[in-house]
Amino acid sequence: MKRITVLLAEDHMVVREGFRRMLELEDDMEIIGEAQDGRQAFVLAKKFRPDVVLMDIAMPLLNGLQATRQILKANPAAKVLMLSAHNDDAYVKNAADSGAVGFLLKQTSAHEVCRAIREVQKGKTFFSPSISRRFDRINPLTPDRAGVLKKKAAHLTSREMEVLQLIAEGKANKETANELGIGIKTVEKHREHLMEKLDIHDTAGLTRYAISAGIIESSVQLTIV
């Protein structure tokens, strides 16, 4: 029997170890790699080409949304299940827009996580039960359902999304430039474009937007049931 190959992408070691121990009990699954940030997830996914990626939505260096887009561009056959401690409409929609085929809350039971992996491997979608109930009558892919979704996140470039994440994480322009390997003036230009596109004109506003849109999380729940 061919086992489902899984890549774990989660920056909190305790959570990642919990998922690993859980999946190691399944005879039809094999963990082929573990990533602690979005860029590492992309590199490992490109190298090992897993069937399924369990992807934390809030990751250092490159968030789960952007990492998912890059992974699927390199390997369209991969199935990404997004993980989050939050189930806000914006988080779910942005995950779907990035190409994820499922959305799991971190407190989802082990049984449901394994079921989700098997379902998406078959080409289906899977959402945590509480999310499925909420969207039972409404397609989660429908745009502009929540007020925050009316912001123009879909029009941000990949680089602008990276800059936005680093701004929201409190990085100064110089730190952002060093992290991305670009010039400070380029970072400043990206910041200007972000403020113009989102109609937000201060760092605090950009940070609040990044949190509300699921680009970063304000907190992470470390419990796996």
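The values are calculated or read from the model by the stated rules, or taken from the named source; none is laboratory data. Every value quoted in this text rests on a predicted model; they were computed, and no experiment measured them. Please note: Cβ atoms are built from the backbone with ideal geometry, for glycine as well, and neighbour counts cover all protein chains shown. All accessible areas refer to the heavy atoms of the entire protein, side chains included, with ligands and DNA or RNA removed. Shrake-Rupley method; radii C 1.70, N 1.55, O 1.52, S 1.80 Å.
General remarks:
- For the chain, carbon and sulfur atoms together expose 51% of the accessible surface, with a 1.4 angstrom probe and every protein chain in place.
- Other-chain or far-sequence residues with amide H under 5 Å of ILE31's (modelled H): VAL6
- What separates the Cα centres of the range 27-81 and the range 169-220 is a distance of 23 Å.
- Under a Gaussian network description of the chain, with springs only between Cα atoms under 10 Å, the residue in ALA100, ALA168, ALA74 that fluctuates furthest is ALA74.
- For the chain: relative contact order, % (alpha-carbon pairs under 8 angstrom, 6 or more apart): 20 percent
- Exposure of ASP56 as accessible area (Å², to 10), given a probe of 1.4 Å and all protein chains: 0 Å²
- A cut-off under 9 angstrom between Cβ atoms defines the neighbours of ARG16, and their net charge, with Lys, Arg +1 and Asp, Glu -1, is -4.
- On Cα atoms only, tilt of 38-48 relative to the major axis of the chain in degrees: 40 degrees
- At a probe radius of 1.4 angstrom, the accessible area of the chain per residue rounds to 48 square angstrom.
- Taken about its Cα centre, the chain carries a charge dipole of about 600 debye when Lys and Arg each add +1 at the Cβ and Asp and Glu each add -1 at the Cβ.
- Summing Lys and Arg as +1 and Asp and Glu as -1 over all other residues whose Cβ lies under 13 Å from the Cβ of PRO76 gives a net charge of +4.
- Rg [Å, one decimal], Dmax [Å, integer] - the range 1-118, C-alpha atoms: 12.7, 38
- Unsatisfied cross-links (Cα-Cα over 20 Å) in the set LYS93/LYS124; LYS47/LYS79; LYS79/LYS124; LYS47/LYS171: LYS47/LYS171
- Simple Cβ-charge dipole of the range 153-196, Lys/Arg +1 and Asp/Glu -1, about Cα centre, in debye nearest 20: 120 debye
- Computed Kirkwood radius, in angstrom, where 1/r is averaged over Cα pairs of the chain: 17.7 Å
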